[in-house]
Every structure is written in structure tokens, then in C-alpha cells.
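Novice: Structure provided below as C-alpha cells; questions to follow.
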Amino acid sequence: MDFDFSDEQKMLRDEAHRFLGDVSSFASIRRHLETGSAFDRGLWARLGEMGWLGVAVAEEQGGLGFGPLELCVLNEELGRCLAPVPFFSTVCIAAEILKGCTGAAAARLLRRIVGGQAVVTLASAERSDWNFDIATRFAGGKVSGSKTLVADLPGADALIVTALDADKEPLLLLVDALANGVMRTALQGLDALRPQAHLVLDQVDADVLARGDEARQLLARVHEQAAIFAAFEQIGGAQGALDMIAAYGQQRYAFGRPIAGNQAVKHKLADMLVKIELARSNAYYGAWSLEAGPAERPVAAAAARLSAIEAFEFAAEENLHLHGGIGYTWEADCQFYYRRSRLLAVSLGNAAQWSQKLLAGYSRGI
Amino acid sequence: MDFDFSDEQKMLRDEAHRFLGDVSSFASIRRHLETGSAFDRGLWARLGEMGWLGVAVAEEQGGLGFGPLELCVLNEELGRCLAPVPFFSTVCIAAEILKGCTGAAAARLLRRIVGGQAVVTLASAERSDWNFDIATRFAGGKVSGSKTLVADLPGADALIVTALDADKEPLLLLVDALANGVMRTALQGLDALRPQAHLVLDQVDADVLARGDEARQLLARVHEQAAIFAAFEQIGGAQGALDMIAAYGQQRYAFGRPIAGNQAVKHKLADMLVKIELARSNAYYGAWSLEAGPAERPVAAAAARLSAIEAFEFAAEENLHLHGGIGYTWEADCQFYYRRSRLLAVSLGNAAQWSQKLLAGYSRGI
Amino acid sequence: MNVQDTPEEARFRVEVRSWLQATAPEFCKDLPADRSGIEYAARGQDWQRKKAAAGFAAICLPQTLGGRDASPMMEVIFAEEEARYPLPVGPLTSIGVGLAVPTILAHGTPEQIERFVKPTLLGELLWCQLFSEPAAGSDLAGLRARATRDGDDWIISGQKVWNSWAHVAHWGLLVARSDASVPKHKGLSYFLLDMRTPGVEVRPIRQISGESEFNEVFLNDVRIPDCCRIGQVGEGWKVTMTTLMNERVSVGGESGTLPDVRSVLGLLQTLEPELQAVYRMQLARLAAQEQGLKYFRFRLLTQISRGEMLSAVAGMGKLVYANLLQDLSSLALDIAGTAGLYPETASPAMAAELKKFHDGYFWGAALRIAGGADEILRNQIAERALGLPGDIRVDKEVAFSKLPSGR
Amino acid sequence: MNVQDTPEEARFRVEVRSWLQATAPEFCKDLPADRSGIEYAARGQDWQRKKAAAGFAAICLPQTLGGRDASPMMEVIFAEEEARYPLPVGPLTSIGVGLAVPTILAHGTPEQIERFVKPTLLGELLWCQLFSEPAAGSDLAGLRARATRDGDDWIISGQKVWNSWAHVAHWGLLVARSDASVPKHKGLSYFLLDMRTPGVEVRPIRQISGESEFNEVFLNDVRIPDCCRIGQVGEGWKVTMTTLMNERVSVGGESGTLPDVRSVLGLLQTLEPELQAVYRMQLARLAAQEQGLKYFRFRLLTQISRGEMLSAVAGMGKLVYANLLQDLSSLALDIAGTAGLYPETASPAMAAELKKFHDGYFWGAALRIAGGADEILRNQIAERALGLPGDIRVDKEVAFSKLPSGR
């Protein structure tokens, strides 16, 4: 039994923890928000230099040649510090799709991602998300359609777009974000640190990355993987919220002693830790399933998501609450976890969808 | 605004509280259980003498001529002391059905109930309950069929039986429990204080009490009423459990002080009270709807049930838990509320059914 | 068991209704869009004057003070009817009428009563409450603003927070520490502060929602004449309790601008049927709470109508509502999925609904803290309604200056 | 990230498996139906002797003591493999092997070690634990059983509860108060009690489920020679902690006789589809907990496998499992409706399932209390894993005899 990350992976986590602790703070997040830019380009460049953008990309494609477990580790740390970079869109989704595609265009773009020269995002949501129940059409080398919510679109250089051809065959297309006919409209939402935009494509040049069943399966696999990565991000956020209130609860005095000495407070913090450790355990299993094979993956992803949603939501709500009045002010940092926990709770499907998936997996007898 | 029971009704409650406090204790419940008899006949006779069995029956039928609100009040007190009498079956269901029937047989039986000479119960459950999706048939004055779970059947003198005639027309029938062809099999269940039995009817003489739409509507109305009465019973039980642990928490010392001084304990007791007061408020509205008319009744019943289930279950579980080891012993009385809360949670339909009903009512726009 | 008015209440309601019908619409017209500005406050003062003239400014007060000596239920009825109109009411005037007036009546000198009560009822004086501090919220008696005697004056230094309307109020209700050498509850004194006094600086607080409904108030060597002290020196806590006892029992939820179960049900119907069902148990539980709160309020109103004192359990209204609001909003945002976080992508009607859930998500968090945090209310219910033991207190007998205070 | 054994662990597992295959079936045969009687205990002793002979009785102990000096992970592996057979194991032997032996090894004299360790490992001596009292559960150090010195002996009077196997045990681990004039933790002493001593009276406790898995033990002027004291006089609390630290970290849930999510899902399928969906969110949350517990246990095993100390958070396993068991059972009984409360009305297969939920409904309640109640575990996690402040204690510095004790 060695149900844990390897020493190397833990070293990467510690390194990420230290590095992000140095360069990304709530103060830097606030400065970034004031600039109004799509993401923190300076930090993104640093991540590229450190190799993080290609951590799970093969060495022959310019990456470090590690696997999904390293992405888990990095997502946890990025989730904790809420760094405003398009890591999830570009590295955990787009690059993972490109890795599954053959062809020179995919390989070229992957190299640009690894080198920090391209931010890439998946544009798939229309009526719903992560499927081919879509109206976007591809014909004669041009794609037209619109996508409702595209994460990190404002700063993207290239897009992976889901579409159907004339025979309603599924396609994954590659589109240059600066091409003629690409229209992006930034959206105001609950979590400004992860900008989303509306996308309209009007007769835009596009290359085919994958088609047919291959495209369908690739999308489904990346969706499941992404759920597990997201669980790590949520666990990082939940742990960040717990650490914040544990520290505050020790230094904030009321009735002559630290508020964390009250059972009403300390038992709530114990519950936070319990929820986080359950979620972490499920996420570990999810991580294991990323390497071990697809049979366990749907249930592992669903259990990881459900418990991570619960852990992060509880930690974020009660962190804010236990800070008292100050927690409700803009100057306090509680809001960032409060917003992010809500965003991540619905990213990639809401609790009802994951509940269905988990129980369906149980019934099939995993 | 006078959203409260009347002074007379409160006097009845206080009187019931005193009377039951004198005659029905956990000690007397235990003695009753050891006798193995179906119910406490001595107590039942006393209830008859005090007029409780006809409290909601018109004076011309031998009753006291009050209404359903008086039944609410009595159910709360009976729920608190868990008195082993067939009050709910006989007075809250059977008598309420008989009040809605014309005909001499119904009137005669009602008089016998009021006088304490008849325990009567409704036998309706087959595949499901409280409907006419049943196999029991009535032809040539005889009824045949079987009913899975009949509350208080072991001690019943007469039965009200749901059946269909040859044209599949719904019927409510009156059957003498001692008639030829009536077979009862007592069942072992979670709550021995409210005995249930299996019923088989083989060509048993029966009188028709009501038929067709009249029978259907009567059954539906009594079901809704019963839900509201049951909510009061649950609130009485929940309050009994809260009172028990509040007293114990003050007298049980650990770490040099009463355990109820710990926030972990006192906040839980505060939550019990909050749940009880919410349930009580909904039950009051339910009580009001019993008199005010049928439009609000489904939603009122559903809200009352859901909150009463939650309040009683929480109070019963945590009462046992906070007693510590002693709470888990047979000699402690926590078990009686623990068992009863589970029984009442599913009597008259489980939480899912009441949830559907409540939201359906909201959607209709009550 | 009756949810209708008594005959007397019904008569009063009719009177109020017809007066409002004739009077209110004019005051609802063309209200400034900025609901926190000076112009809006002026409109609120106008309306208060109008109410006072008609004898509705202080329904429970004696007629000699401009009231009508009526029961608290009549005040509830007036408020219910008034709430049917989008009038410029709320803390703007109620801090003065509902908190300052009863406090001054209970503890003030005849001169103070003469000077402040009528002008407040007439809408001439607007008030703010200067109680909470950055380091004294749940533990209000741990406040640190210093009051130092200087001849006939007091000099106040400190910082107050969560002060609604401090930026337009004429006067403030202020509690400060006049003696740090005695235990915390014993060294407080209570003052009325003219907000135009030099050294008073009011700054808006930016909330997590981005809005600013509250202020913080900095007091830099602010001079208050001793004639503006209420109650004895060192007895400020007693006066403070009078103010706090008058904070109205509110169960909220009456506002159409905040989410309720019906609005979540509307949203739920946009999902496919099987997913709808998955959310139904949770939503039904919240619905039973919402209903329970409504009828709990009916029971409180019945007590008020009978002139009975409300028990400590009345405080559960805010406790339940605040959590319900947060839970409902969070559930709604879960049902709505990612698109729900970006209202502008929806139809205008749906966008307005979604905006409501966003507001509820933030405001629910605020309500769980404001006016007695969840934990404080549970303590109160446990101790006052159930008679359970108080917490062990290490700060009761110690001089305030000797208490540990963290950072 | 690997859920498989290390090569060394795998080799050991193969060894254990083949030994069990050859040995265990004989010991599983014709076990007496009464799982708490003397005959069953004798069978347990036989099995313990067999294990000892093969070197599996004390896997982590030095070879000189009859162990094999192996890692705790090997002990886990043996237990996992042993659990595949319905053998007469459990507290019957583990109280002696798992609690008495390490306690005596840590604090006993050479004579005591000589006298008790080997016979216990060989199954000759069965043990029970005499710690809890009616008035000392969560607050174990508040125990009242008196130990009075009398020449070379001690005389013990008091009452102990929750003593598994006390009715067949040869010896008991006993802690009693030798000095009530000092603070509670300082006046305790620890003894080994020969259960055949006059004055020891064992009575079964009837549980709410109607079963009797535990006893209470009355000690009426029971005489213990001083040579059976473990540790110094007044240092009984230290010895007690050693015993408690050895209580195995258990996350339970491995028993097929208790409900799990799969069994509730089976039950759910008997409902009509729309009602099924209504229960699904709640059940999925419990399923995510069940899965989380399983993989949490994998993480603990990994730590054990590496020879690391388990952190205080390990205690959450029991906390989560006990609540999950109660919640799952209660949910199942809700799904099953009234009929579910009367198993005999169902088919035999369904009746067995329902019986499981009844058991879980009672046993979940028991588990939330036993071996550290929910509240005690939350305190431990908060204080030890998160480093938060301890509760204010009024009983730490006061002589035990001066402490208030309620009734």
C-alpha cells in the first residue's frame, strides 16, 4: 500500500507552495484585479519558465514528461492561492485535448503552450456543456456558431471549438483567437478572477483536430480528468480557507480569549478538516484512477467532486462567517474563497449531475 | 391576529399534561410492555371517562362537541408521554371517518368509541396506503382480502376496511373484528408500544359505510387531517426528548461542571428548540387549516409533517446521544423516543412523498 | 386559532390604509436612484414629518409626546401597511424613532427628553448608532473607544464600524469606555454625539458585494459636553442594553428583492425532470423552514397583539432566516449552473431572478453575522429560553486594561 | 500512487494466506451460536494458541516475547486476511493482546511481564477493561472507584461499566482512585485484577436493541495485592493513556452485517422512479462519504506501512463512520416506509436487509458514543490536529473530593 503522492510529487507540491506563497498573495490578486487585464501575464511567464505549463507533456513535445499526478499537485496549490492565471483552461483542458490529437497543428500549439506563448481554451458550451448537442457548424474550412460561456476567453490566443460537420459528425476544431470573424464579449460574473466571455464565430478559418468517435471520446475523457483536477483545486481552496480562519481564530480575542477556544468555533473547524480529509481521500483515488484505467474513473471523479464541493463550500462559508463583520468587508480576503467555491461548485456540472453519476456507478457495481 | 389555541384549548392541554403526567410514566410504559397486552386498557377507560374519546364528536352523537383543534392539543400531550393507547387509530382516524358517514351503523359505532367500548382501526394498506389501489373485494355482503400493516389491530373491536366492489367502485366497509373469517397476526417491529398486525379477511360479513367518490374523498380528507394530528404528536415527542436532555444535561457533570454548559451541547439543544418551534408554527397553521378550509390543507399538512419529522428525529437522536453510554441502555428511556420518532417519520407517507406534495402545492401557488 | 385581525385591529388597519392611500403615493414618486444619499434622506425626513403630523410617528408613545398611546400591535399593523408602498423608510428614521427615543425616555434627564424626543419624532433629527468596533462585535462590552473627562466635557477617541446612515445623521448614539481599570461591563458610559463635532470622520465601508451600505466612524479627540451623557458614568452598559432591547424582532423574508422558495422553484423548472427531482428533497426542507418562519412570525404577532413580552426564543427568527437565505441562494446558484453566475447571458427576466440569488448569497452571509451572530443567538436561546448554564467567562472580574486582546 | 502491497508486504500476505487456508477452516467449523458464551471463548483461546504457535500472535513484538519483530503493516495484513474467515476473534482476545500486553510491557516490572505477557499471547489469559464508570465516560479521569491501601493489599470499591467479555475474562485492567485529595488526574492508580477475586460481580447490561454485548462490574471491597499494581501509585493516568493509545484506529464499515450505500441503493430501487430521484442527492452525499472513508483508510494504511505515527486526524474515521451508519440506516428506514419497520412482512431476503438497517440504526447510535463521543473527537481534532486552544477547565487544579458532581 503506497496510497500517496511520490516524494518527487510532494517536492513539486512544496516547491509550488513556496513559490506561489512568494509571488501570489491576496495583495497581488487585488492589484491584478485593478489592472483589468485578463490574467497575470508576469506570473504566467514564470510558470512557463518553471516548466509547469508542460509538466504533463511528453519530453519530445517540449514538456517535462510527467503525468496527471503532477497536475493534481499543482492544481491544489493554485487553488489555495487563487492565482489569476489560465492554468486550468490551458494546461488541464486544452493541452490534455491536444495531447490526444494527432497532426502537426496540435503538436505545434502544444509546444506553444509549453513555452508560455499560447493561452488556449475550450469553447464548447451552448445549450449545455461537454457534449455535441450543439448548433455550431463547420463547412468548407470555416466554422460558425456561438458559445455561451468560455473560461479565460478574454486572454486566449487560440481556441479549441466543438462543432458538427454537414453530416452532424462531431469535430474538435482549432481556431486562432485573433482570426477574422472571432467576436468575444467579456462577461461580469461572481468570480472576476476567472474571466469568462461569450464567443461568436462567423465564418472563421479552422483546422480539424479530431473527429467522430475519437473527438467524442477525447472530450469525455478530458471532462472526467478535469473533474478530478478541479477537486484538487477545490481542496486547495478549502484548505486555504481553513488555514485562514484557524489563524484568525487564534489571534482574534472576544470575551477575554481567542475565539477559536469556543467549542462553537473549534468544532466547526474540526468539521472543516474532516470534510477536507474525506475529499482529499476521494481525490487521491481519483488521481490514482487517472493512471490506473478508465473503469473506476466515473465513480472516482463523481465522489471526488461531490466531497470537494461540500468541503470547499463549507470552509468558504464558515471562514467568512467566523471572521465576523470584518469578513463581510471588501478589504478582507474571505470573499475570494467565497466566490471561488461557488464557481467551482458548478464548473463541469452541478451537484445533482454528479450525484446521478456517482449512484449510477455504484449501481453498475464498481 | 390570534394565531394560537384558545384559552379553553390550552386549559385542555394543561389538564392533559397533568393527567398524563400522573398516570403515564416511562415506568408505567415498561410495566405495560411486560404484560404483552395490546394497549393499556385501564388508561383507555380513563380517557373515555374524561370525554377525550369523543372530544371532536358532536354532542348529539355522545361527544363533547369540540373540533379538530382539541384533537391537536391531546395528540401533542399523548406524543410527549407515549401513552400506549389506540387513540390515534380510533379517535383521530376511525372516528373521523365515521363522522363523515351517514347511516345507523356508523353512528352506533361512533357512540361505542366515545363511550370507550370500541377500539376501531382503519385497515387500508396493501401495495401502498391511503388509496384504492387494492385487491380486497366485496361481493354479496362479504369482504375478502388481506392488509399488510394495520395499526392497533391486535386490540381492535371493529375495523374500517377499504375494498372494491364488483365494478371496482371504492368502498369503506365496517367489519366486526371478532367475526368469522377475520385473521390477525401480530407483528414484531421497531416500536412495540404501537402494535401492528397483518390482517386476512376471508368472506367476512361487512356493512358499507361509504362508497364511490364519497369514500375516496373521505379517505383523502382524513389522511390529510391525520398528517396534521401526527405532526402534533411528533412535536410532543420532540419536546419530551428536549425536556429530558435539558434536565439531564444540567445534572450530569463532567470535567467539573454540568455537560449542558458546553457549547457543543447547549447549541445542539438550542437547535432542537428552533426545529421544534418551526414545526410547531407549521402545525399551528395546519390546525388552522383544519377549520379554515381545504385549499391550504395539503401544503399546510406537508410543511407540518416535514418539519415535525425533522424536529423529532433530531431531538430523539441527539437526546440519546448526549446521554452518553447510559442512553444506549435498556434501562434509560431515550430508546422510546428514538423508536417512536422513526415510526412516526414514515407513518402516513415518508419524507420524499411529503416533499413532493409540499412543492407541488407551492407550484400551484398557495 | 385565527389569522385575522381582531375587530379593533381591523378598524385601525382600515384607518391606516385609507390614510396611506391618500398620502403615500406622493412620497413614493421620483425617489432618487441613490438610496443612501442626502437627497433620499431628506425625502425620508419629509415622510417622517407627515407621519408625525398624522399621529403615526410613535404609535406606542403617550399622546403628550406626540404618540397615540396604542398597542405594539398597532405599530406592527402600521409597518405592514406602510411596507406596501416603496416609501423612503428604514434605518434612516427608525434608528432615531425606534432606538434613540426609547433610550432617552428611559434614561435621559427631562432636559434631554425635551431636547431630542420631539425633534426626532418630527423627522428633524436623524440618528446613527455608534456601538460596534473593529475589535468589539459579538463581544460588544469589549469596546475600546476611550472617553476621558476634561472639565465639563468628555474627550472621545476610537473607531466605530457598521454605522448605517452615519454620513447623513445629525446625532449618534455612542458608547465608550470611561474607566479601563474596572471589569469591562462596569467602565462604560453612554453619550449622544453631535455628528458635526470636529474630529468626527465618516468613511463608507466597501462590502464583499462591492456595495457600501455601512460606514466606519473615526473619533479623533472628539469633545462631548457632559450634558449629552445619558445615564450615570460607568452605567453605559445598562443604557446600551435598553437600546439593544428595542432592536425590532424581525424575521425578514418579506422583501420581494430577496430570493424565496417560490423563486428557486421557478428556476428548478428550467432543468430536465429527473434532475429537478434530485433537488426536491433539499428544496422541500427549505420550503418547510420558510413556511415555519412565516407562521412563527404569526405567533409572535399574536403575543404582541396580546401585549405579552416576547421570549428569548424570538431571536431564532433572524437565525433561521439568515441561514435559510444563504442556503436557498446557494442552492439556486447550484441549480442554475455556470450560466447562473453570469446573469447578463440570460433573458432580462431571468437575469433579474439570478441577480436576486447573487444578492441573497452575499446578504445571507451578512445577516448571519449582523445583529447577533449565529453563535451568539444559539447561546441566548440555550441560556435564556432553556435555562442552560452560561459559558465559563474569564473576563468578568478582571480590569479591562488587564484583559488579553490578541494582536 | 499505488493501492497495491509493496513486494515485502505481498510476500507476507502470501505467507499468511496459505497458512490461513491450511489452518483457519477447522477453527471456523461449528462455532457455537451464542457468540458471547464460555464455549465460544474457549474456541477463541484455541485459535489464539494456534496463532501463537505459528508466530502470528504478536507480529510487532520482539521474537524473544514470541513475536516476529515485524512492522505494524504486517499486523494489518494479517488482520485483513484473518477477517476473511468467520473465526472466533475480536475483543475476546484483542483486549489482552492489543491492550494488556503493551501496557504491561511499557509500565510493568520484569516479574509482571514474565507472569502475564506470554500466557496472554498464548491465549491462556483472557482480559477485560475496567475503565468507564456510570459517572465517568467522556471524562474518564473523573472516575470514582476507590482504592484504599491495606497493608500489602489494596481494597477496591466501585462500579465499572461497558466491560466487554468481563463475564469470561480471567484478568481485568483496572484504574481506580487512590487519592481524592489531589486533582483528578493525579490521584489514580492502575491495577491488574484477578476476576475470580471475591467481591467481583459481573452483570450483563441490556442495550436498547435488547441485546447484551457488554457488562457492568461491581467491585465490593475487592482485595488486590500490591504486586498487581502497574506503575507508581498516583500515576495511573499515565498508564491508562498507554492503554488507550493502543486502541486500534478503526474506521469500521468492513462488516457485511451492517448497512452500506449499496444496500440502500438496492432498497431504493423498490420505489417508483420519481421518488427514487428525490432521495438521490442525499444518498449520493453519503456515498461520497463512504468512498472517502475507504480511501482515508488507505491513506492511514500507507502511513502505517511506512512506519509513520498517525496524526490526531486519524480519529475522524470513527466519527465519520458512526454518523454515516446512523444516517444511512435512518435514510434506509425512511425509504422502506412503515413496512420496513416490520421485517417479517417482507420476503426472507428483504427481511435480512431490513434487519441490517435496524441493527445499523441502533449500532450507529452506540458508535457515536463509544470509544470517544463525537464531541470528544471534535475537541481532539481541533486541539491536536489544528492546534486550537483547549476548553477552559475548572477541574484541573482542584482536589477531586472538592469537585462538584451533580446529583
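The values are calculated or read from the model by the stated rules, or taken from the named source; none is laboratory data. These numbers come from a predicted model, not from an experiment. Don't worry about glycine lacking a Cβ; one is built from the backbone with ideal geometry, like all the others, and counts go over all protein chains shown.
Novice: Return a yes/no flag: does the range C:47-54 have any residue that is polar (S, T, N, Q), out of contact with any His (no Cβ under 7 Å at 6 or more places or on another chain) and surrounded by 13 or more Cβ atoms within 10 Å (Cβ to Cβ).
Specialist: Looking for residues that are polar (S, T, N, Q), out of contact with any His (no Cβ under 7 Å at 6 or more places or on another chain) and surrounded by 13 or more Cβ atoms within 10 Å (Cβ to Cβ), one finds at least one in the range C:47-54, hence yes.
Novice: Considering (1) crowded, with 21+ Cβ neighbours inside 10 Å; (2) farther than 29 Å from A:Ser289 by Cβ; (3) of a type in the set (Gly, Ala, Ser), say which one D:Ser347 fails and leave the rest.
Specialist: (1)
Novice: Scanning the range B:107-120 for residues that are small (Gly, Ala, Ser) and under 21 Å from the mean Cα position of the chain (by Cα), which turns out nearest to B:Gly63 (Cα to Cα)?
Specialist: My answer is B:Gly115.
Novice: Which of the following residues is among the acidic types (Asp, Glu), at pLDDT 95 or above and within 19 Å of the chain's Cα centre (by Cα): C:Asp327, C:Asp374?
Specialist: C:Asp374
Novice: Next up: Restricting attention to the range A:287-299, which residues are in contact with a Gly (Cβ under 9 Å, 6 or more places away or on another chain) and at the interface with chain D (Cβ under 8 Å from one of its Cβ atoms)?
Specialist: Residues satisfying the conditions are A:Glu291, A:Val299.
Novice: Given the structure, is A:Ile235 part of a helix (DSSP H, G or I), of a type in the set (Val, Ile, Thr), in contact with a helix residue (DSSP H, G or I) (Cβ under 8 Å, 6 or more places away or on another chain) and within 14 Å of chain C (Cβ to nearest Cβ)?
Specialist: Criteria not met by A:Ile235.
Novice: Among the residues of the range C:344-369, write down those that are of a type in the set (A, V, I, L, M) and under 21 Å from A:Gly324 (Cβ atoms).
Specialist: Matches in the range C:344-369: C:Ala365, C:Ala366, C:Leu367, C:Ile369.
Novice: If you don't mind, there's one more thing I want to ask. Evaluate the following for C:Leu173: is it under 16 Å from C:Thr120 (Cβ atoms) and in contact with a strand residue (DSSP E or B) (Cβ under 7 Å, 6 or more places away or on another chain)?
Specialist: yes
Novice: In this structure, does A:Ala302 turn out to be away from chain D (no Cβ under 13 Å) and closer than 25 Å to A:Cys92 by Cβ?
Specialist: It is false that A:Ala302 is away from chain D (no Cβ under 13 Å) and closer than 25 Å to A:Cys92 by Cβ.
Novice: Also, I was wondering about something else. Kindly establish whether A:Ile97 is under 16 Å from A:Asp152 (Cα atoms), at pLDDT 95 or above and hydrophobic (A, V, I, L, M, F, W, C).
Specialist: The answer is no for A:Ile97.
Novice: Go through (1) touching a Gly at 6+ places or on another chain (Cβ under 8 Å); (2) touching a residue at least 12 places away in the same chain (Cβ under 8 Å); (3) not polar (S, T, N, Q) one by one and return the number of the condition C:Gly390 breaks.
Specialist: The one condition C:Gly390 does not meet is (2).
Novice: Within the range D:210-230, is there a residue that is at pLDDT 95 or above, in contact with a strand residue (DSSP E or B) (Cβ under 7 Å, 6 or more places away or on another chain) and of a type in the set (Gly, Ala, Ser)?
Specialist: No, that holds for no residue.
Novice: Kindly indicate whether C:Glu81 is under 30 Å from B:Asp2 (Cβ atoms), under 18 Å from the mean Cα position of the chain (by Cα) and in contact (Cβ under 8 Å) with a residue 12 or more places away in the chain.
Specialist: no
Novice: Quick one: which strands (runs of 3 or more DSSP E) sit completely within the range A:116-178 and have at least 2 residues that are more than 21 Å from A:Gly349 (Cβ to Cβ) and at pLDDT 95 or above?
Specialist: A:137-139, A:142-151, A:158-164, A:170-176
Novice: While we're on this one: Looking at (1) at positive phi; (2) crowded, with 24+ Cβ neighbours inside 10 Å, can you tell me which one C:Gly337 breaks?
Specialist: (2)
Novice: So, restricting to helices (runs of 4 or more DSSP H) that lie completely within the range D:1-116, which ones have at least 1 residues that are hydroxyl-bearing (Ser, Thr, Tyr) and either at pLDDT 90 or above or farther than 27 Å from D:Pro225 by Cβ (or both)?
Specialist: Answer list for the range D:1-116: D:7-28, D:38-53, D:91-94, D:101-107.
Novice: OK, next. Give the residues of the range D:195-211 that are more than 14 Å from chain B (Cβ to nearest Cβ) and surrounded by fewer than 15 Cβ atoms within 10 Å (Cβ to Cβ), sorted by residue number.
Specialist: D:Arg196, D:Pro198, D:Gly199, D:Glu201
Novice: Only one residue in D:Ala339, D:Ala284 is within 11 Å of chain A (Cβ to nearest Cβ) and either in a helix (DSSP H, G or I) or closer than 28 Å to A:Asp2 by Cα (or both). Which one?
Specialist: None of the other options fit; the residue is D:Ala284.
Novice: Filter the range C:359-407 for residues that are aliphatic (A, V, I, L, M), under 27 Å from C:Asn323 (Cβ atoms) and more than 7 Å from every other protein chain (Cβ to nearest Cβ) and give the result.
Specialist: C:Leu367, C:Ala370, C:Ile376, C:Leu377
Results for (1) among the basic types (Lys, Arg); (2) over 26 Å from the mean Cα position of the chain (by Cα); (3) closer than 23 Å to D:Asp391 by Cα, shown as yes or no for each residue.
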site: A:Lys266; (1), (2), (3): yes, yes, yes
site: A:Leu273; (1), (2), (3): no, no, yes
site: A:Glu277; (1), (2), (3): no, no, no
site: A:Ala301; (1), (2), (3): no, no, no
site: A:Gly325; (1), (2), (3): no, yes, no
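Novice: In the range B:59-84, which residues are aliphatic (A, V, I, L, M), within 16 Å of B:Gly48 (Cα to Cα) and over 14 Å from the mean Cα position of the chain (by Cα)?
Specialist: Result: B:Leu64, single match.
Novice: Being among the aliphatic types (A, V, I, L, M), at the interface with another protein chain (Cβ under 7 Å from one of its Cβ atoms) and closer than 21 Å to D:Pro134 by Cβ is the filter here; which residues of the range B:244-286 pass it?
Specialist: Answer for the range B:244-286, where residues must be among the aliphatic types (A, V, I, L, M), at the interface with another protein chain (Cβ under 7 Å from one of its Cβ atoms) and closer than 21 Å to D:Pro134 by Cβ: B:Ala246, B:Ala254, B:Ala260.
Novice: Further, regarding this structure: Do you know which of the residues in the range B:9-24 that are part of a helix (DSSP H, G or I) and modelled with pLDDT under 95 is nearest to the other protein chains (Cβ to nearest Cβ)?
Specialist: B:Gly21
Novice: Filter the range B:306-347 down to the residues that are touching a residue at least 12 places away in the same chain (Cβ under 8 Å) and among the hydroxyl-bearing types (Ser, Thr, Tyr), then identify the one that is farthest from the other protein chains (Cβ to nearest Cβ).
Specialist: Per the criteria, the residue is B:Tyr337.
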